[in-house]
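Enquirer: Below you will find the structure I want to go over with you.
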Amino acid sequence: MDALLTTADRALRTVFAQHHSSRANPASGIADASLSDSDKREAAALMRVNHVGEVCAQALYTAQALATKDEALRLHLQAACEEETDHLAWTEERLKQLGGRTSLLNPLWYAGAFGIGFVAAKLGGDAMSLGFVVETEHQVEAHLQSHMQRLPENDKASRAIVAQMKADEMRHAQEAQAVGAVALPTPMQGLMRVAAKVMTTVAHRI
Ligand SMILES: [Fe+2]
Ligand SMILES: [Fe+2]
């Protein structure tokens, strides 16, 4: 019951609350460049996609923490989830500065990612669940790398945030690997890529 309440609380806070980071925003101290309206719109769209990615990360980690019976793994997942909160806060802040907004479909993204994370953890077990973390973090990292090409050249603030997130995601993958992740079957990696493609395409607009 306790675990369920914690899960529900986390879900509501992720989707509806404003977040505060424990680390400084990598963009703080960077003077905001004068961006054209179209550059601002594009940067905001990309940062919205990144924000949705973080909403999904919260959902995945929370679902996996609920699914596992291993207390040490639960703590590992909860700590990872806390760190991802920084990413939520930074992308939220940047979106606001760019005059953008978070995705209207966040409750849906959260529910979808939560369902996938929970089923993967229950069906595959802990090692597979960690494999899921590794694969997710790798895919997010690759995606953030592509944003370094797509973000307007002089949007240094967004770039600083994306660069720090990318470094963090790489470390998250390594940490999950270190505590016993197994590689996911290739079809599952493909499915995750398809789901991510749907999410990134839709979140760019809505
Ligand atoms: Fe993240
Ligand atoms: Fe991560």
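Enquirer: For Leu75, indicate whether it is away from ligand 1 (no atom under 16 Å from the Cβ), open to solvent by 10 Å² or more (accessible area, probe 1.4 Å), closer than 21 Å to Met170 by Cα and hydrophobic (A, V, I, L, M, F, W, C).
Expert: Yes: the conditions hold for Leu75.
Enquirer: List pairs: first residue in region 123-137 and without any contact (Cβ under 8 Å) to a residue 40 or more places away in the chain, second residue acidic (Asp, Glu) anywhere in the structure, Cβ distance under 8 angstrom, at least six positions apart or on different chains.
Expert: Sorted first by the residue in region 123-137, then by its partner, the pairs are Glu137/Glu169.
Enquirer: Take the residues in region 172-199 that are among the polar types (S, T, N, Q) and within 22 Å of Gly112 (Cα to Cα); name whichever of them is nearest to ligand 2 (Cβ to nearest atom). Spell out how you get there, then give the answer.
Expert: Residues of region 172-199 among the polar types (S, T, N, Q): 174, 177, 186, 189.
If we keep only those that are within 22 Å of Gly112 (Cα to Cα) too, we end up with 186, 189.
Working: Thr186: 22, Gln189: 17 Å.
Once the filter is applied, the top-ranked residue is Gln189.
Enquirer: Looking at region 151-171, which of its residues are more than 16 Å from ligand 2 (Cβ to nearest atom) and outside any loop (DSSP other than H, G, I, E, B)?
Expert: Step one: list which residues in region 151-171 are more than 16 Å from ligand 2 (Cβ to nearest atom), which gives 151-160.
Answer for region 151-171, where residues must be more than 16 Å from ligand 2 (Cβ to nearest atom) and outside any loop (DSSP other than H, G, I, E, B): Lys156, Ala157, Ser158, Arg159, Ala160.
Enquirer: Then there is this: Consider Arg205 carefully, then state whether it is in a helix (DSSP H, G or I), open to solvent by 30 Å² or more (accessible area, probe 1.4 Å), in contact with a helix residue (DSSP H, G or I) (Cβ under 9 Å, 6 or more places away or on another chain) and not small (Gly, Ala, Ser). I'd like the intermediate steps shown before the answer.
Expert: Working: in a helix (DSSP H, G or I): no; open to solvent by 30 Å² or more (accessible area, probe 1.4 Å): yes; in contact with a helix residue (DSSP H, G or I) (Cβ under 9 Å, 6 or more places away or on another chain): yes; not small (Gly, Ala, Ser): yes.
When the stated conditions are applied, Arg205 does not pass them.
Enquirer: Going by what's in this entry, would Leu144 be described as more than 15 Å from the chain's Cα centre (by Cα), surrounded by 19 or more Cβ atoms within 10 Å (Cβ to Cβ), within 16 Å of ligand 2 (Cβ to nearest atom) and assigned to a helix (DSSP H, G or I)?
Expert: On the way: more than 15 Å from the chain's Cα centre (by Cα): no; surrounded by 19 or more Cβ atoms within 10 Å (Cβ to Cβ): yes; within 16 Å of ligand 2 (Cβ to nearest atom): yes; assigned to a helix (DSSP H, G or I): yes.
No; evaluated as a whole, the condition is false for this residue.
Yes/no matrix, rows are residues, columns are (1) open to solvent by 10 Å² or more (accessible area, probe 1.4 Å); (2) within 25 Å of Ala8 (Cβ to Cβ); (3) within 12 Å of ligand 1 (Cβ to nearest atom):
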position	(1), (2), (3)
Leu95	no, no, no
Leu104	yes, yes, no
Pro107	yes, yes, no
Gly117	no, yes, no
Ser129	no, yes, no
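Enquirer: Considering only residues that are within 22 Å of Ala113 (Cβ to Cβ) and more than 18 Å from the chain's Cα centre (by Cα), which ones fall in region 10-33?
Expert: Residues satisfying the conditions do not exist here.
Enquirer: Just to be sure I understand, how many residues within region 63-72 are of a type outside the set (S, T, N, Q) and surrounded by fewer than 21 Cβ atoms within 10 Å (Cβ to Cβ)? Break it down stepwise before answering.
Expert: Narrowing region 63-72 to residues of a type outside the set (S, T, N, Q): 63, 65-67, 69-72.
From the residues that got through so far, the ones that are surrounded by fewer than 21 Cβ atoms within 10 Å (Cβ to Cβ) too are 66, 69-72.
Residues meeting the conditions: 5.
The values are calculated or read from the model by the stated rules, or taken from the named source; none is laboratory data. Not measured: the values here are computed from a predicted model. Cβ coordinates were reconstructed from backbone atoms using ideal geometry, including for glycine residues, and neighbour counts include every protein chain displayed. When the accessible area is computed, the model is the full protein with side chains, heavy atoms only, and any ligands, DNA or RNA have been set aside. Shrake-Rupley method; radii C 1.70, N 1.55, O 1.52, S 1.80 Å.
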